[in-house]
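Each remark here refers to the structure printed beneath this line.
The values are calculated or read from the model by the stated rules, or taken from the named source; none is laboratory data. Note that the structure is a prediction, hence the values are computed from the model and not measured. Heads up, the Cβs are rebuilt from the backbone with ideal geometry, glycines too, and the neighbour counts pull from every protein chain shown.
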Amino acid sequence: MFGNLIAYHKVILFKADLGIRKLINLGFEEEIFSMYIYSTDTAIIHIGSKLVKWVGFPNENISITVLKSDMNDNKSIMFAFNNEIYVLDGVNYLKFNGNELINIEDIAYIPTTTISRSPSGGGEMYEDVNLLQAKRKNSFLADGKATEYILDSTNVNSIDKVYVNDTLVTNYTVNLSLGKVIFEEAPTEPDLIGSDNVVIEFTKQVQGYLERIKECNIARVFDNRIFFSGNKDYPNAVFHCSLNNPAYISDLDYYECGSQENPIKALVVGNNLLWVFKKEDQTKDTIFYLQPSTDSEYGRIYPTSQGNVSVGCCSAAINYKDNILFFSRSGLEGISGDIANEQSVSHKSSLVDSRLINMSNYDFCNIAEYNGYLVVAIDNTIFLADYRQVFQGINGIEFEWYIWKIPVNITCLKSYKDELYFTDNKGNVYTFDGTNDLGEAIEAYWTTPRDTFGYMNHLKKINKRGAILKVKNMQNGRIKIAEKTNKNAIWKLVKEASNNGFDFNNIDFTNFSFSTGDNSYIVFRIKEKKIIDIALKIYSDELNKPFGLVDAMLEAFIGGYVKRS
């Protein structure tokens, strides 16, 4: 007979005390595609074909205003830039400034493509064409003689405005096919020698330019610019706007990442890089990064480099507590190393892979960071990863995971000020609050591995005095303990106890305790002998009876060898 052996499980904290509560139905029985919280009392929501403003968020005493009624009835994205919200839905590129909704096309920057141009041509190329609208300007230096001014483009759609010495004039005719403006009288030379004094604004439509951006479904803010991707017609392209100007996207400000045959699935900012994750393909490169640098001729540029990692991305990616993570066909992966060293992939989800990767909508998961957890929502199942609880896996450090099934199919997630909000396809907005799921009891549990105490080839006898839990005291808390061994296939209840902290608010006197500390201890007894392994289940399945677990300890005596299977 050996001495005692102890199975000790450091949990840190497992809390089963958070249910879901419906905040509102927006009045439209349609799917909510995206949501952004503009301020402490205002949220912008894309529901069906409508974009609505919810004033009074998150309270039920609300005002719902329809900002736009012809949105694309499809998935959309919202993001913030300089305290304003931008919306992309595949058809529209919009801005909300707190008061009004603006179509970016209507305020898009008009570039001056040529300056110091003589009436007959030439000059200096100055600004690039803006993808977001078709207007351009040419700036000329008049010679006092010429009446014909030739633009830097032919086959223009219209001549919109002409200024001579800062005065709007109309004494001209046009030849659109030749890109020519013919004045009735020659503009005079400028008062200031060498200063341009004739400006012609015109429209030159290029088919598909605007759609390059409006049909993107991925956007990230990086280096004071917005980067766009996900356009199905440009599957390997990343576009970006000018510095601090989302209304100006040069037709030359884009980068190609690898082959067009495997599209870009996600962009992530981390380590002063923009990581580009592409769909898995055994014959193509799948991970790239853009690193900012300054060029003497072109200014700020973002050259593309290929990463060392070949595992592809099938859905989403995120920077979670400075961990660059993405979802592959095998589960959640993390990138280890940096650009100065060899990068490698470390797997992060082996504990839940069997459930996670077999979800029917795994390719369309919603992700968010909430109170230190990585929240992955697929249909009515939530997977929670906790970076504070890790273990050494086969391929590196992995996260502890929890699985939570709820009675709602989640369509989008939004974390805001330590709260997590989510939506469904019926026009409802929810939050995590209370101790029940829409009035139904939460069945929550935490189980230990099937412990052999390090001696799989020996029989064990559980010490009846050697089992204890350290639990978190919670209002109206109730905890149940069950065990299962290799000799019985079902869980056997061994104890029920209160883990209730003393509080005069909402006291349940049938579950009363005078404990006032944060934690308390529960001693329980298990009568098992001649077993090979044992597992514990700590759980709650009663309405409004939460529990919190910190530590679990079990003690056993080691006996003789196992003789029969």
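There is no residue in the stretch 276-297 that is within 23 Å of residue 389 (Cβ to Cβ), in the same structural domain as residue 370 (by TED's automatic domain parsing) and either of a type in the set (Gly, Ala, Ser) or under 21 Å from the mean Cα position of the chain (by Cα) (or both).
Quick check on this structure: which one of 132, 178 is loosely packed, with under 15 Cβ neighbours inside 10 Å and in a loop (DSSP other than H, G, I, E, B)?
Just a single option satisfies the conditions, and that option is 178.
Looking at residue 380, is it more than 20 Å from residue 45 (Cα to Cα) and either in contact with a Pro (Cβ under 9 Å, 6 or more places away or on another chain) or in the same structural domain as residue 536 (by TED's automatic domain parsing) (or both)? For residue 380, the condition - more than 20 Å from residue 45 (Cα to Cα) and either in contact with a Pro (Cβ under 9 Å, 6 or more places away or on another chain) or in the same structural domain as residue 536 (by TED's automatic domain parsing) (or both) - is met. Only one entry of 85, 45 meets the criterion of being assigned to a strand (DSSP E or B), of a type outside the set (Gly, Ala, Ser), outside the structural domain of residue 539 (by TED's automatic domain parsing) and within 25 Å of residue 209 (Cα to Cα), and that entry is 85. In the condition set (1) surrounded by fewer than 18 Cβ atoms within 10 Å (Cβ to Cβ); (2) out of contact with any Leu (no Cβ under 7 Å at 6 or more places or on another chain), residue 291 is compliant with all but (2). As for the stretch 448-456, it holds at least one residue that is under 30 Å from residue 527 (Cα atoms), outside any loop (DSSP other than H, G, I, E, B) and acidic (Asp, Glu).
Among the residues of this structure, residue 413 counts as one that is assigned by TED's automatic domain parsing to the domain that holds residue 352, among the aliphatic types (A, V, I, L, M), surrounded by 15 or more Cβ atoms within 10 Å (Cβ to Cβ) and under 18 Å from residue 77 (Cα atoms). Taking residues in the stretch 451-473 that are farther than 14 Å from residue 483 by Cβ, and partners anywhere that are among the small types (Gly, Ala, Ser) and assigned to a loop (DSSP other than H, G, I, E, B), the pairs with Cβ atoms closer than 6 Å and at least 6 places apart or on different chains are 473/501; 473/515. With the structure loaded, tell me whether residue 408 is buried (at least 16 other Cβ atoms within 10 Å of the Cβ), in contact (Cβ under 8 Å) with a residue 12 or more places away in the chain and not in a strand (DSSP E or B) or whether it fails that test. It is true that residue 408 is buried (at least 16 other Cβ atoms within 10 Å of the Cβ), in contact (Cβ under 8 Å) with a residue 12 or more places away in the chain and not in a strand (DSSP E or B). Annotation note: of 464, 480, 492, 460, the sole residue that is surrounded by fewer than 19 Cβ atoms within 10 Å (Cβ to Cβ), at pLDDT 90 or above and assigned by TED's automatic domain parsing to the domain that holds residue 531 is 492.
Conditions tested, residue by residue: (1) among the small types (Gly, Ala, Ser); (2) surrounded by fewer than 19 Cβ atoms within 10 Å (Cβ to Cβ).
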position: 106; (1), (2): no, yes
position: 118; (1), (2): yes, yes
position: 149; (1), (2): no, no
position: 153; (1), (2): yes, yes
position: 156; (1), (2): no, no
position: 163; (1), (2): no, yes
position: 188; (1), (2): no, yes
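Report, by residue number, each residue of the stretch 19-41 that is over 20 Å from the mean Cα position of the chain (by Cα) and part of a strand (DSSP E or B).
Scanning the stretch 19-41 gives 20, 21, 22, 23, 24, 25.
Would you call residue 71 part of a strand (DSSP E or B), under 23 Å from the mean Cα position of the chain (by Cα) and at negative phi?
no
Can you name every residue in the stretch 79-120 that is in contact with a Ser or Thr (Cβ under 9 Å, 6 or more places away or on another chain) and either of a type outside the set (Val, Ile, Thr) or modelled with pLDDT under 95 (or both)? Correct list: 88, 89, 90, 92, 98, 109, 111, 116, 117, 119.
Conditions (1) without any contact (Cβ under 8 Å) to a residue 12 or more places away in the chain; (2) surrounded by 19 or more Cβ atoms within 10 Å (Cβ to Cβ); (3) closer than 20 Å to residue 413 by Cβ; (4) not assigned by TED's automatic domain parsing to the domain that holds residue 288, marked per residue:
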residue	(1), (2), (3), (4)
302	no, yes, no, no
324	no, yes, yes, no
333	no, yes, no, no
348	no, yes, yes, no
351	no, yes, no, no
354	yes, no, no, no
369	no, no, yes, no
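Which residue out of 76, 49 is farther than 19 Å from residue 99 by Cα, of a type outside the set (A, V, I, L, M, F, W, C), within 18 Å of the chain's Cα centre (by Cα) and at pLDDT 95 or above? Within the list 76, 49, the selection yields 76.
Scanning for something under 29 Å from residue 157 (Cα atoms), of a type in the set (D, E, K, R) and in contact (Cβ under 8 Å) with a residue 40 or more places away in the chain, does the stretch 258-270 turn up at least one residue? No. Within the stretch 87-107, the residues that satisfy the criterion of being touching a strand residue (DSSP E or B) at 6+ places or on another chain (Cβ under 6 Å) and in contact (Cβ under 8 Å) with a residue 60 or more places away in the chain are 88, 95, 104.
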